[in-house]
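I have placed the structure first, in the form of structure tokens, so that the comments after it can refer back to it.
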Amino acid sequence: MVETTERESLARLARFIRKYNILLRPRTMVIFLFPLTLGFAAAAEAGGQLEIGRLVLAYLAFTLGFLFISSLNFYADVESDRLHNDLYKGDPHMSDQPFVTGEMGRTETFLLFLLSAAGCVGVALLVNRAFAFYLGIGMFVIGVLYSHPWFRFKAKPVLDAVTNASSACLFLVAGWKMALPGSWPPPWPLVFGFFFSATLYLPSVANDVPFDQAAGFRTSGVVFGARRLLDAMIPLCALLLPLAVVNLLVQQSWLFKLFIAMAWPGAVLYTWAMHYLYDPPFIRFNAALMIYPLLALHILFLALGLKYLLQ
């Protein structure tokens, strides 16, 4: 009897971990986490100071915030996720997400949103107020404005891409404020980052067109069509080139320059790959094409930031 109870407890724990791993979407979190790490590393190179304990708290605050925005996105996307064929996504199957399967009760949902949002801001305040402010604003933009039914920028053409790109810039500022709360990052990496993030975002919304259309959502992909969104990546890459040149010429952290020197060719290669792999109505690609290179960059820049922090 005792062994049976222990097995049941372990099974419940495993289901709980699996459920919240789906809600967190850790591989997608890597994409949004990278700007934070880039901002932190550049600030550390510029002479910023941050205790290791506060650095850990900063990443914990981001994780709690991303749990909030990811869960809210799942909550608002039940109709399209229920129809999803689960292909070509970097996360666990959309059709298995807890709000579709009915695993999330009303009380648990309320506590999830309350504790993750409050925990994000509360833990971020232990780092510093400037970091907490810009992290909170970034989470509000990509969480509430993007997903909440009152705003639902995800379902408003162009605003969906603008919201994603803006949050990336806010996370970069938050990362900088971790180590240099009294100053600002230079403007040119933010300008480049905005259009770079918009470029990377377009294939994702293009790939969801059949499901968003069936659910009645008017995303950029539904309004303009998947092919036009992919074609829009080409002029965006052309715009990124002069922005990259400016970033390489102006006086700023060499870490920003290193990232941008790799980012522009990466954006061009990614644009070509998305067109090559486009087989209407889907882009038949593995999300690892974007996630794992960004994870490698995240590890590289985090290591460089720690190097400057500890020297």
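Computed quantities for the displayed model
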| item | result |
| --- | --- |
| Residue within the stretch 217-237 that is more than 26 Å from Ala41 (Cα to Cα) and aromatic (Phe, Trp, Tyr) present | yes |
| Conditions (1) in a loop (DSSP other than H, G, I, E, B); (2) touching a helix residue (DSSP H, G or I) at 6+ places or on another chain (Cβ under 8 Å); (3) under 30 Å from Gln49 (Cα atoms): number failed by Gln251 | (2) |
| One residue from Gly138, Gly119, Gly143 being surrounded by fewer than 18 Cβ atoms within 10 Å (Cβ to Cβ), under 17 Å from Phe68 (Cβ atoms) and either at pLDDT 95 or above or touching a helix residue (DSSP H, G or I) at 6+ places or on another chain (Cβ under 6 Å) (or both) | Gly119 |
| Considering residues of the stretch 192-220 that are free of Cβ contacts under 8 Å to residues at least 60 places away in the same chain and touching a Lys or Arg at 6+ places or on another chain (Cβ under 9 Å) only, the residue nearest to Met262 (Cα to Cα) | Ser204 |
| Residue in the stretch 287-296 that is over 22 Å from the mean Cα position of the chain (by Cα) and at negative phi present | no |
| Verdict on Ala42 being in contact with a Pro (Cβ under 8 Å, 6 or more places away or on another chain) and at pLDDT 95 or above | yes |
| Long-range neighbours under 7 Å by Cβ, at least six apart or interchain, first residue farther than 11 Å from Asn207 by Cα and assigned to a helix (DSSP H, G or I) within the stretch 268-289, second modelled with pLDDT under 90 and of a type in the set (Phe, Trp, Tyr) | Ala273/Phe285 |
| Qualifying residues in the stretch 281-296 (those that are under 20 Å from Phe32 (Cα atoms) and not hydrophobic (A, V, I, L, M, F, W, C)) - the one surrounded by the fewest Cβ atoms within 10 Å (Cβ to Cβ) | Asn286 |
| In the stretch 177-221, the residues that are of a type in the set (Phe, Trp, Tyr) and either over 19 Å from the mean Cα position of the chain (by Cα) or surrounded by 22 or more Cβ atoms within 10 Å (Cβ to Cβ) (or both) | Trp184, Trp188, Phe192, Phe196, Phe211, Phe217 |
| Residues within the stretch 157-176 that are buried (at least 19 other Cβ atoms within 10 Å of the Cβ) and either assigned to a loop (DSSP other than H, G, I, E, B) or touching a Pro at 6+ places or on another chain (Cβ under 9 Å) (or both), tallied | 10 |
| Failed item, numbered, when Thr37 is tested on (1) buried (at least 23 other Cβ atoms within 10 Å of the Cβ); (2) β-branched (Val, Ile, Thr); (3) in contact with an Asp or Glu (Cβ under 8 Å, 6 or more places away or on another chain) | (3) |
| Any chance Ile31 is crowded, with 18+ Cβ neighbours inside 10 Å, more than 23 Å from Leu258 (Cβ to Cβ) and in contact with a helix residue (DSSP H, G or I) (Cβ under 7 Å, 6 or more places away or on another chain) | no |
| Any pair with Cβ under 9 angstrom, 6 or more apart, that starts in the stretch 175-191 at a residue that is at negative phi and ends at one that is of a type in the set (Phe, Trp, Tyr) and outside any helix (DSSP H, G or I) | Trp176/Trp184; Lys177/Trp184 |
| Qualifying positions in the stretch 228-263 - in contact (Cβ under 8 Å) with a residue 40 or more places away in the chain, under 30 Å from Lys307 (Cα atoms) and not β-branched (Val, Ile, Thr) | Leu240, Leu243, Ala244, Asn247, Gln252, Ser253, Trp254, Leu255, Phe256, Phe259, Ala263 |
| Top-ranked residue of the stretch 225-251 - restricted to ones that are surrounded by 18 or more Cβ atoms within 10 Å (Cβ to Cβ) and in contact with a Pro (Cβ under 8 Å, 6 or more places away or on another chain), ranked as farthest from Leu297 (Cα to Cα) | Ala226 |
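Matching residues to (1) touching a strand residue (DSSP E or B) at 6+ places or on another chain (Cβ under 7 Å); (2) closer than 17 Å to Phe34 by Cα; (3) aromatic (Phe, Trp, Tyr):
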{"position": "Val173", "(1), (2), (3)": "no, yes, no"}
{"position": "Pro185", "(1), (2), (3)": "no, yes, no"}
{"position": "Ser197", "(1), (2), (3)": "no, yes, no"}
{"position": "Pro242", "(1), (2), (3)": "no, no, no"}
{"position": "Phe256", "(1), (2), (3)": "no, yes, yes"}
{"position": "Ala267", "(1), (2), (3)": "no, yes, no"}
{"position": "Leu277", "(1), (2), (3)": "yes, no, no"}
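The values are calculated or read from the model by the stated rules, or taken from the named source; none is laboratory data. Computed from a predicted structure; not experimentally measured. Here the Cβ is made from the backbone with ideal geometry for all residues, glycine too, and neighbour counts use every protein chain on show.
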